[in-house]
Amino acid sequence: MATKKEFNVFMHELVPEHRVLSEKEKEELLNRYRIKISQLPQILVSDPAVVELGAKPGDVIEIKRKSPTAGVYYYYRLVVEG
């Protein structure tokens, strides 16, 4: 019987770079934009990228995207239960 090969979602060229912010970085982000954590867009804990990172509910994910017009830009998601 063949074994199941695991697939790393970050190896795909269309998947942008993701990382979990530290608690200090999370606080700095909220202060910089003068927002509450509940105002961040959400991402499910079951999302393949979140699973690969090992993030848990309450973590904030930074996603780094490349743009032909803006260069590089970042956006943030709050990890939530599904």
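Listing for the model above:
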| read-out | value |
| --- | --- |
| Hz values of 3J(HN,Hα) by residue in region 44-58 - Karplus curve (6.51, -1.76, 1.60), Gly and Pro given as x | 6, 4, 8, 4, x, 5, 5, 4, 4, 6, x, 6, 10, x, x |
| Length added when fully stretched, Leu30-Tyr73, from 0.36 nm per residue minus Cα-Cα | 13.8 nm |
| All aspartates and glutamates inside 19 Å of Lys66 as judged from Cα atoms, apart from same-chain residues fewer than 8 positions distant | Glu13, Glu17 |
| Within a Gaussian network of the chain (alpha carbon springs, distance under 10 Å), most fluctuating of Arg19, Arg34, Arg65 | Arg34 |
| Label-to-label distance, nm, for residues given as Ser46 and Glu62 (7 Å Cα→Cβ offset) | 2.9 |
| Reciprocal of mean inverse Cα separation for the chain (Kirkwood radius, Å) | 14.0 |
| Folded to 0 to 90 degrees: helix 23-33 orientation relative to the chain principal axis, Cα | 50 |
| Ellipticity estimate at 222 nm from DSSP helix runs (n ≥ 4, -39,500 (n - 2.57)) divided over the chain, nearest 500 | -5500 deg cm²/dmol |
| Normalised contact order of region 15-80, rounded percent, pairs of Cα under 8 Å and 6 or more residues apart | 41 |
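Since every read-out is calculated from the coordinates, none of them should be taken as a lab result. As the structure is a computational prediction, the values presented were derived from the model and not from experiment. Heads up, the Cβs are rebuilt from the backbone with ideal geometry, glycines too, and the neighbour counts pull from every protein chain shown.
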